[in-house]
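In what follows, a structure is listed as structure tokens, so that the remarks can point back to it.
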Amino acid sequence: MMTDLAQKGLNPRTLDVTSLEDWERVFAEILSEHEGLDYLFNNAGITLLAESSTLTPDHWRKILDVNVNGVIHSLTTIYPHMVKRGQGHILNTASLAAVTGYATAAPYTCSKGYLLGLHKSLAPEANHKGVDFSLICPGYVNTQIFREGRVLHDNPDEVLESAPLKAITPDQAAEFILKGLLKKKRLIIFPFTTKVLWWLAHWFPPAMVPFQKKLLAPFRAPKS
């Protein structure tokens with residue numbers, strides 16, 4: 001991926017989102033080559049599917065460090081610069097889980113709920129300063145987020161196959177996001193099934209009970 005971008009004349013950089021020093025270093029490099037930064041996509045995120053009773057403090061810390069501190073570091077580094085310029089667009093990736101909850105993904109849900117609360121507070125501030133602020137809330141996207149030991153279950157495939165919604169592709173997700181960006185939408189929720197569940201969770205929370213039971217089922221099934 002990095003090689004492909006470089007071949008197109010772009011200059012990609014890597015950083016550890018949990019490191020404030022990394023954010024400051026990379027941003028300084030960008031400003032040494034460009035007048036400013038127009039768009040910030042906070043998309044880095046990890047999860048872990050497991051019953052909460054089996055999680056350790058380290059499980060919680062790692063997820064919150066990436067999903068929450070990664071955003072805090074980016075905002076404290078870049079948002080003041082955008083405010084000073086009076087322009088820019090920040091897009092944070094939350095999740096449907098932020099409003100519906102996600103049984104077996106408590107730390108992840110907690111982190112995405114943080115972004116929802118941040119959005120409600122910061123969006124009006126940012127808009128007043130000339131900076132657009134969007135919250136991206138996808139349903140299931142077929143990425144690697146659930147792979148590489150991120151499902152604490154004897155049969156991880158069984159857990160993933162029991163997902164209550166069909167996953168869309170990353171290309172489809174990117175199309176939804178870019179359309180929302182061009183319209184400067186504050187909330188970018190997709191696909192349609194996600195919008196329905198978002199609405200139900202707000203106005204009729206009991207409708208989420210079957211949804212949560214389906215998520216729990218593989219973890220509660222008797223072991224053979």
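Scanning the range 44-56 turns up one or more residues that are of a type in the set (Val, Ile, Thr) and either loosely packed, with under 14 Cβ neighbours inside 10 Å or in contact with a Ser or Thr (Cβ under 6 Å, 6 or more places away or on another chain) (or both). For the criterion of being touching a Pro at 6+ places or on another chain (Cβ under 6 Å) and small (Gly, Ala, Ser), Ala173 passes.
Within the range 111-167, if we keep just the residues that are assigned to a helix (DSSP H, G or I) and of a type in the set (Lys, Arg), the residue that is nearest to Gly88 (Cα to Cα) turns out to be Lys120.
Just one of the listed residues (Ile30, Ile63, Ile78) is within 16 Å of Phe146 (Cα to Cα), without any contact (Cβ under 8 Å) to a residue 60 or more places away in the chain and part of a helix (DSSP H, G or I), and it is Ile63.
I'd like to check something: does the range 145-154 contain any residue that is at pLDDT below 95, under 14 Å from the mean Cα position of the chain (by Cα) and closer than 24 Å to Trp198 by Cα? Checked against the condition, which is being at pLDDT below 95, under 14 Å from the mean Cα position of the chain (by Cα) and closer than 24 Å to Trp198 by Cα, the range 145-154 yields at least one hit. Residue count for the range 81-110 under the criterion of being part of a loop (DSSP other than H, G, I, E, B), out of contact with any helix residue (DSSP H, G or I) (no Cβ under 6 Å at 6 or more places or on another chain) and closer than 20 Å to Ala163 by Cα: the result is 1.
Out of the residues in the range 54-76 that are closer than 17 Å to Leu20 by Cβ and among the hydrophobic types (A, V, I, L, M, F, W, C), state the one that is farthest from the chain's Cα centre (by Cα). Among those that are closer than 17 Å to Leu20 by Cβ and among the hydrophobic types (A, V, I, L, M, F, W, C), it is Leu75.
Under the condition of being modelled with pLDDT under 95 and among the acidic types (Asp, Glu), the residues counted in the range 99-144 number 1. Taken together, the residues in the range 39-60 that are closer than 25 Å to Tyr79 by Cβ and part of a helix (DSSP H, G or I) amount to 0. Among the criteria (1) within 17 Å of the chain's Cα centre (by Cα); (2) surrounded by fewer than 18 Cβ atoms within 10 Å (Cβ to Cβ); (3) in a helix (DSSP H, G or I); (4) free of Cβ contacts under 8 Å to residues at least 40 places away in the same chain, the one Ala173 does not fulfil is (2). Residue under question is Asn11, and the condition is that it be in contact with a helix residue (DSSP H, G or I) (Cβ under 8 Å, 6 or more places away or on another chain) and either closer than 30 Å to Asn155 by Cβ or modelled with pLDDT of 95 or more (or both); does it hold? Judged against the criteria, Asn11 is not a match.
The values are calculated or read from the model by the stated rules, or taken from the named source; none is laboratory data. All figures in this text were calculated on a predicted structure; none of them were measured in a lab. Please note: Cβ atoms are built from the backbone with ideal geometry, for glycine as well, and neighbour counts cover all protein chains shown.
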